[in-house]
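The values are calculated or read from the model by the stated rules, or taken from the named source; none is laboratory data. Just so it is clear, the structure is predicted and the values come from calculations on it, not from any experiment. For neighbour counting, all protein chains shown are included, and Cβ atoms are generated from backbone atoms with ideal geometry for every residue, glycine included.
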Amino acid sequence: MTRKSKCNRSEKCWSSKSLAGRWQHEFFFILIKYCGRWPAYIFSCFVVFFYVLFVPEVHKRSSFYIAKRFPKASKCARWYHTWRLCQNLAFSLIDKAAVGIRGTQEFSYSRNGIEKLQELQEQGNGLILLTVHVGPWQAMLGPLDELNTPVHLMVYRDSGDVDLQYFDFNHCKNIKLVHAEDTMGSVIAMTAALRKNEIISIMGDRIVPPTSYTASVDFLGGKALFPTSVYKFAKGTQSPVALLVTRKVGISHMELSVAHVLTVPKATGNDFTPFAQEIAYALEKYVQETPYQFYNFFDLWRTTNE
């Protein structure tokens with residue numbers, strides 16, 4: 001059943017605060033700006049190895065997903081999986097900064113989902129993009145400029161965020177940021193955008209304010225808590241929901257695709273669990289195929305405990 005989460009402003013279920021300090025991020029920003037991605041990639045390998053070897057918090061944050069994705073892995077194998085996951089995350093953060101600092105020309109892109117998004121948006125009820133923490137999701141939002149309609153991106157900025165100043169989507173002419181901290185304002189802005197047949201983008205795999213409604217669904221062999229407020233939007237506006245996923249292939253190529261599309265009928269009651277389950281299954285398929293590009297470092301499964 002859909003229910004209100006116990007997560008709130010005073011006691012969040014997760015934190016986006018980086019384990020690295022601001023000066024460490026600034027070092028990489030300078031390195032990328034003046035030397036490019038390659039030196040940053042190489043240096044990150046030493047940094048990640050150090051953190052995986054000597055910082056227990058790295059293993060704690062990674063263990064929730066690693067234990068579910070690789071349940072039969074030995075202790076040594078889990079160490080390897082943690083290192084692979086964290087190294088890919090480091091590369092992803094470098095790529096995000098590189099796009100913000102040096103521009104989108106740093107990469108080549110496959111935009112397989114753009115035509116599908118255009119088709120859905122042309123239905124006239126607006127479009128809800130459900131993004132998840134997989135692949136280079138922020139660096140891949142640039143191609144959404146091709147949609148030629150405003151994309152209202154809901155963001156939640158934690159006080160511990162230290163890597164945002166170089167990637168505020170300034171290179172994306174049609175992306176408008178909506179700050180989730182303003183609960184009522186963000187809801188009004190998103191609803192108004194859909195009424196104007198525009199596009200909104202909301203994270204679909206993490207519970208942050210103002211998202212308070214959740215559903216317990218099957219994900220990687222356990223019951224996980226997924227947000228459901230997006231489906232209330234979809235029901236009220238009759239906007240289609242498209243799950244957008246990205247993945248990095250090789251060193252300089254990124255792919256964007258639509259993994260799943262759903263609609264929420266007006267006759268639907270207040271239980272949005274079936275829709276959250278559809279998204280969870282689609283996300284599970286992604287992580288089975290691309291296990292080291294899932295960057296949700298908190299316990300999705302423990303949050304279902306009473």
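Scanning the range 78-93 for residues that are surrounded by fewer than 21 Cβ atoms within 10 Å (Cβ to Cβ) and among the aliphatic types (A, V, I, L, M), we see that the one that is farthest from the chain's Cα centre (by Cα) is 90. The residues on offer are 241, 178, 264, and the sole one that is surrounded by 17 or more Cβ atoms within 10 Å (Cβ to Cβ), in contact (Cβ under 8 Å) with a residue 40 or more places away in the chain and in the same structural domain as residue 120 (by TED's automatic domain parsing) is 241.
The residues of the range 100-123 that are assigned to a helix (DSSP H, G or I) and small (Gly, Ala, Ser) amount to a single one, 100.
Is there any pair with a first residue in the range 70-89 that is over 17 Å from residue 249 (Cα atoms) and a second that is among the hydrophobic types (A, V, I, L, M, F, W, C) and not in a helix (DSSP H, G or I) whose Cβ atoms are under 6 Å apart and which are 6 or more apart or on different chains, and what are they? So the pair list comes out as 81/70. Evaluating residue 115 against the criteria (1) in contact (Cβ under 8 Å) with a residue 40 or more places away in the chain; (2) over 20 Å from the mean Cα position of the chain (by Cα); (3) in the same structural domain as residue 264 (by TED's automatic domain parsing) leaves one unmet condition, (1). Taking the criterion of being small (Gly, Ala, Ser) and at pLDDT 95 or above, the residues of the range 235-251 that qualify are 239, 242. Listed conditions (1) in contact with a helix residue (DSSP H, G or I) (Cβ under 8 Å, 6 or more places away or on another chain); (2) under 25 Å from residue 86 (Cβ atoms); (3) modelled with pLDDT of 95 or more are all met by residue 283, apart from (1).
The residues listed here are 255, 289; of these, the one that is modelled with pLDDT under 95 and among the charged types (D, E, K, R) is 255. Against the test of being loosely packed, with under 11 Cβ neighbours inside 10 Å and at pLDDT below 95, the options 15, 10, 74 yield a single qualifying residue, 10. If you go through the range 215-265 one residue at a time, how many are acidic (Asp, Glu) and within 15 Å of the chain's Cα centre (by Cα)? Counting residues in the range 215-265 that are acidic (Asp, Glu) and within 15 Å of the chain's Cα centre (by Cα) gives 1. Contact map, the range 135-159: first residue closer than 15 Å to residue 92 by Cα, second residue in a helix (DSSP H, G or I) and at pLDDT 85 or above, Cβ cut-off under 6 Å, separation 6 or more or different chains; pairs are 136/92; 136/95; 138/96; 139/95; 139/96; 139/99. Of the strands (runs of 3 or more DSSP E) lying entirely inside the range 140-234, those containing at least 3 residues that are at pLDDT below 85 and within 30 Å of residue 22 (Cα to Cα) are 175-179. For the range 115-133, a residue qualifies if it is under 14 Å from residue 245 (Cβ atoms) and surrounded by 18 or more Cβ atoms within 10 Å (Cβ to Cβ), and the qualifying residues are 117, 129, 130, 131, 132, 133.
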